[in-house]
1. Consider A:THR350 against the criteria (1) surrounded by 18 or more Cβ atoms within 10 Å (Cβ to Cβ); (2) at negative phi; (3) in contact with a Leu (Cβ under 8 Å, 6 or more places away or on another chain): it satisfies all of them except one. Which criterion is unmet?
2. For segment A:149-178, give me each residue that is touching a residue at least 12 places away in the same chain (Cβ under 8 Å), open to solvent by 10 Å² or more (accessible area, probe 1.4 Å) and either within 14 Å of chain B (Cβ to nearest Cβ) or under 22 Å from the mean Cα position of the chain (by Cα) (or both).
3. If we keep just the residues of segment B:618-640 that are in contact (Cβ under 8 Å) with a residue 40 or more places away in the chain, open to solvent by 40 Å² or more (accessible area, probe 1.4 Å) and of a type outside the set (A, V, I, L, M), which is farthest from the other protein chains (Cβ to nearest Cβ)?
4. If you go through segment B:465-474, how many residues are within 14 Å of chain A (Cβ to nearest Cβ) and in contact (Cβ under 8 Å) with a residue 60 or more places away in the chain?
5. Check B:GLU84, B:GLU118 and return the single one that is crowded, with 19+ Cβ neighbours inside 10 Å, within 14 Å of chain A (Cβ to nearest Cβ) and touching a residue at least 40 places away in the same chain (Cβ under 8 Å).
6. Being surrounded by fewer than 22 Cβ atoms within 10 Å (Cβ to Cβ), at pLDDT below 95, among the β-branched types (Val, Ile, Thr) and in a helix (DSSP H, G or I) is the requirement here; does A:ILE643 meet it?
7. Quick one: which helices (runs of 4 or more DSSP H) lie wholly within segment A:161-252 and hold at least 3 residues that are within 19 Å of A:THR135 (Cβ to Cβ)?
Number of protein chains: 2
Amino acid sequence: MNHASTLRHHCARVIVSGTLCFMTHILAAQSSNFKNTLLPQPSKVALGSGAIPITKNFTVSFNGTHNTILEAGVRRTLDSLETETDTPLSKELQAVNPTLVIQVQDVTGTRPTLETDETYTLSVSKDKITLQAHTVFGALHGLQTLQQLVQVEDGRYVIPAVDINDSPRFPWRGFMLDVSRHFMPLPVIYRTLDGMAAVKLNVFHWHLTDDQGFRIESKLFPLLTSKGSDGLFYTQDQVRAVIAYASARGIRIVPEFDVPGHVTSWLVGMPQFGSVRRSYEISRTFGVWDGALDPTRESTYQFLDAFIGEMSALFPDDYLHLGGDESNGADWKANPAIVAYMHAHNMKSTDDLQTYFSTRVLTLVHQHHKQMVGWDEILTPGTPKDALIQSWRGVESLAVAAKQGNRGILSAPYYLDGMKSAERMYLDDPIPSNTTLTAAEQKLILGGEVCMWAEQITPQTVDSRVWPRTAALAERFWSPRDTRDVHDMYRRLEVESIRLDGLGLSHISGPESGLRQLAGSEAAASQLAVLVSTLSPVSFGDRYNQQKTSQLTPMGNAVDYTRPDPPLREDLRLLVEGYLHSSSPADHIAARKQLQTLFQSWVSSGSSLDALSIEHPKLNQLTLRRAQLPKLGQLGLQSLASIESHTAPAPAWIDEQNSVLKTAADHSELTDFVILPPLQQLLDTAGLH
Amino acid sequence: MNHASTLRHHCARVIVSGTLCFMTHILAAQSSNFKNTLLPQPSKVALGSGAIPITKNFTVSFNGTHNTILEAGVRRTLDSLETETDTPLSKELQAVNPTLVIQVQDVTGTRPTLETDETYTLSVSKDKITLQAHTVFGALHGLQTLQQLVQVEDGRYVIPAVDINDSPRFPWRGFMLDVSRHFMPLPVIYRTLDGMAAVKLNVFHWHLTDDQGFRIESKLFPLLTSKGSDGLFYTQDQVRAVIAYASARGIRIVPEFDVPGHVTSWLVGMPQFGSVRRSYEISRTFGVWDGALDPTRESTYQFLDAFIGEMSALFPDDYLHLGGDESNGADWKANPAIVAYMHAHNMKSTDDLQTYFSTRVLTLVHQHHKQMVGWDEILTPGTPKDALIQSWRGVESLAVAAKQGNRGILSAPYYLDGMKSAERMYLDDPIPSNTTLTAAEQKLILGGEVCMWAEQITPQTVDSRVWPRTAALAERFWSPRDTRDVHDMYRRLEVESIRLDGLGLSHISGPESGLRQLAGSEAAASQLAVLVSTLSPVSFGDRYNQQKTSQLTPMGNAVDYTRPDPPLREDLRLLVEGYLHSSSPADHIAARKQLQTLFQSWVSSGSSLDALSIEHPKLNQLTLRRAQLPKLGQLGLQSLASIESHTAPAPAWIDEQNSVLKTAADHSELTDFVILPPLQQLLDTAGLH
């Protein structure tokens, strides 16, 4: 990336308190008419010449057959193009001499499966666009790509000439949402599916049950929700509607019913299936609990048989997830009958008992014509080969599974509540280049799943934890392994983030609204945003350790409205890089001015937030941070001044500033600063003079 | 309002591009511990001394009976207090020695009616809060007031000692939403109900049918939606859920099925009931169409009887709205059989025929044990006394109705698509102080309804048209007639706007997201916001005349993300008033600095938006405005300079600036500037020197 484009990129975002953005760089930096903002990156892109303008004469036709899912997808695409370009478009789909021709070989599929061929080709010439796919679901992916191709040329909206030949690297590209710890109402589910479709994710793994809530209606066992859900659950009618919506967007729904552990909420209404007879209540706190199904009684399997049968009828996908994680065995050991059973059956440990349970459950799943997914723990040497392993432990346990002949998907690096940067998660690969697996074994790694656990999120904040980071991971699962340029990913992710915002995802607007609640007014919120934009939440574990978060903890605090990997992290890095290394004097000056404005806003933020916190005591959750930011602003300003004047600061001052940076690097007030490395770079550079 | 508080008010909002806000004024300006932000204003408020802090020991109990609606309302209140104060609160509702005691006389009601007693008293002493009401629905209002009372004192969240004795001025406080011209999905409906409950509105008038779409499932006549809705309608199950949700918040649902005109969407599937046999299609454009039910055939009434019967069973409220507006009679005159019928029955005009129709429909409504609401047009000398008239024409036609013995509700001044300021609508009273109605006649005026027609709104923009202006009108309908202090209303409305934002209304976040779509990034959107914050959309009529808006017009344009009566209008007025008339030199200087910063941001906005529009041609929708704003900024800066230096500007310059203001006052690019009067004031003041 050249420095002009570095500045241009930056220009779009950093400066919120001034207008120093040098927009004239924008065009100068474009080396080609094609501005690639595709995400995920297709497997093959070849540039043509010219472009098709989007005018009101833009028309569409199918070449051959189509179905209602494809029609609806095309209409959504036209709506999107229409809104983006402010051009009314005909929704007639059988135009003569159409601009866009769509040709799909097989339109019989009405829902995707693991085996669905998702390949598509998209060929744009100067006067025609051809989208070809084997299946409707491949064509839907092509339509998403088409929307991402829209750009501006000479003041017109166009689709540039390009040949794209695209298919996913992995067939299982999932996103898991925990709706047990905090219930997520239907609007969250629907907008999540919209976001997934936009970035070509194809499995929504619905973590429907856990200790803290049983979220799916069972007509056979209504006590499960009447006692275990606080009234917060999805009806079967609602689930059917969600499945239809997802199917029409090429997304499979894989439900999870986590057994034999994590079942406290089941046992509130149905304690007879617990390993220990006690009075169960919905768990309000988080952790690994003792409550577990009794694997030694036939009644347990009769119950599971009926329940799995009911759910198998409700959820049409070929896969059911039966959990299996974090069963601690405590209640099994506490029940003499279970211990006796283990002895009688020559089981040496509760692990053996869990293997026995898993095997029985797998048989039930088979009887209902489904295949089973489970977490790492279900993998033992005796695990049947068709069980699919989801690894929360790491790529290594997936390798173990593959060597044993079991298929697997990777989740360990993609836990969003770790609050890691998109960059760190993005570089973790389900099949790293140094893998020791054979080609055949590699084929057993089906892909990965991003996981959003819900201990510390609410419907208002969930999107800010999920997006846009999940879009980066969608690229990891879809695009070739060598698509690993982090800075290019961030450049495209910024664009995609705004697209997702336009789809109704609330990753930007949710935290903004939260800041207004904290600060009491629109302008006060923008003051607070100066501080909050420099922070990210600490990881789930760190927050849990400090806060002992429970299901009952109020979740409308400052930390809840910080965003993981906020845009400023990459923006500031780029800006400092542009300032220090730009070969163009104008760019250097522009970067300096922008840095000065930014640092000055940090300096000013302190007193205004101090004043604000008198009326809004909740802001005292950031007392330390709001004292630190002005110091960091001063550090930045002073470093700039030293660099500009070629005068090294006093060593004592440098020591002092290093100490400021060191203190600021602590996890404090449930937050981390994301701005420290570029500041260190500026300080170090100043010290060299 | 004293000037210190003027500045304080301003401080919260205007300055988005600097940090010049003098927060130290905040406390100094508080003359009492009680900061009244109640909206609507209760009928009687008496201040006590002291306050109850909200701590984790805050508890609740019922004194006497309660029901599930009340319990749920209390839990919502506790959730709100918990989030606002970051204090975990017990949800146990039978505490011993409770902080809050709730006593309701009659808990048998499970849905509100027009006759429901909504009175409540709320008494807060230093150590106890007592909420008393005759009905559950009165108690729900009291709980809303309680939430609005929370404030900060000495760094703690408290509820100040106060005695409130409150009941509504009018029993019918409605909000009408048109879901036909643009369909509004369920999340819009639910959040609208949340907003209504927050400001004590109690009738959701659901305009379910019109020429452009039939939005309610009929199981008897499925062709109505299968042909007339584009698939966008509410199922009866969904409607039942909405009614339950509304009832639990003290809100009645009054559905409207508009007949005999505005029925094009009905006739697409059921042309046999039209007055003229033709092929009907869903109207895509707006206006008054010829399509009308045939009032001369018995089959029409048989159909309506069945349909009204079905809807009467679905909607439990005592009232059904049957429209009756804007039937132009053209199709009636075009059908010889209808003309012959009129002759045979001695009807002199199509008005007579409409009266006949209305009377027949009213009879059907009665047969289904309902009362009828209709628009002005149903009122003729022969209209039965129990028909309720909703006036879109004005307070005069309501007076005519009342003199004739008909009850009425006023809507004419409260059409949100007129884009008038909250102030203008707020001052329009259903029973003006100069009314000529007798006391008995006045009793027939039941209240009013705010109306949101949907020609030019989408789910993304609807809230920005509805809120917070509707909250001001809720006060008009609830509070005593003499509650008319516009500036105090705006002060409280600002606070309420943020509360509504916290409830999930998108009046702030929707337009913000829209600006990001237009500008392509978060920071570019904040540049665009400098301009957009100075603009409001022109009225429906002006926009229609310029744009010929249809249902198919893309609605993601700059004008869609301007807000009617945006906060800056009142803020700038206050700021200039503070600058020109403050008796405190410090306040004067603070106001000047804030004005300078604001004007400077206007000056800078021009070039940054010009640059931005190269990549985002949709911004050229505001080409004129973005050229005008910098000139207005210069006008402001120069006027300030003249005033400060006590030097009158050259007369030629003043003429030129007056001409700038005059040009800026034109309706242009579908927008109006809201900042002109204070600028004129500054310019005039400068000229006096």
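1. All conditions are met except number (3).
2. Once the filter is applied, which keeps residues that are touching a residue at least 12 places away in the same chain (Cβ under 8 Å), open to solvent by 10 Å² or more (accessible area, probe 1.4 Å) and either within 14 Å of chain B (Cβ to nearest Cβ) or under 22 Å from the mean Cα position of the chain (by Cα) (or both), segment A:149-178 yields A:VAL150, A:GLN151, A:GLU153, A:ARG156, A:TYR157, A:SER167, A:PRO168, A:ARG169, A:PRO171.
3. Filtering first and then ranking leaves B:GLN638.
4. 1
5. Numbers: B:GLU118 fails: within 14 Å of chain A (Cβ to nearest Cβ).
None of the others qualify; the one that does is B:GLU84.
6. On the way: surrounded by fewer than 22 Cβ atoms within 10 Å (Cβ to Cβ): yes; at pLDDT below 95: no; among the β-branched types (Val, Ile, Thr): yes; in a helix (DSSP H, G or I): yes.
It is false that A:ILE643 is surrounded by fewer than 22 Cβ atoms within 10 Å (Cβ to Cβ), at pLDDT below 95, among the β-branched types (Val, Ile, Thr) and in a helix (DSSP H, G or I).
7. On the way: elements: A:186-198, A:223-228, A:236-247.
In segment A:161-252, A:186-198, A:236-247 are the helices (runs of 4 or more DSSP H) which contain 3 or more residues that are within 19 Å of A:THR135 (Cβ to Cβ).
Conditions (1) free of Cβ contacts under 8 Å to residues at least 24 places away in the same chain; (2) within 30 Å of B:LYS631 (Cα to Cα); (3) open to solvent by less than 10 Å² (accessible area, probe 1.4 Å); (4) within 12 Å of another protein chain (Cβ to nearest Cβ), marked per residue:
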position: B:TRP453; (1), (2), (3), (4): no, no, no, no
position: B:ARG476; (1), (2), (3), (4): no, no, yes, no
position: B:MET489; (1), (2), (3), (4): no, no, yes, no
position: B:ASP501; (1), (2), (3), (4): yes, no, yes, yes
position: B:ILE508; (1), (2), (3), (4): no, yes, yes, yes
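The values are calculated or read from the model by the stated rules, or taken from the named source; none is laboratory data. As the structure is a prediction and not an experimental result, all values here were calculated from the model. Note: ideal-geometry Cβ built from the backbone for every residue, glycine included; neighbour counts use all protein chains shown. Ligands, DNA and RNA are stripped out before the accessible areas are found, and what is left, the full protein with its side chains, is counted by its heavy atoms. Shrake-Rupley method; radii C 1.70, N 1.55, O 1.52, S 1.80 Å.
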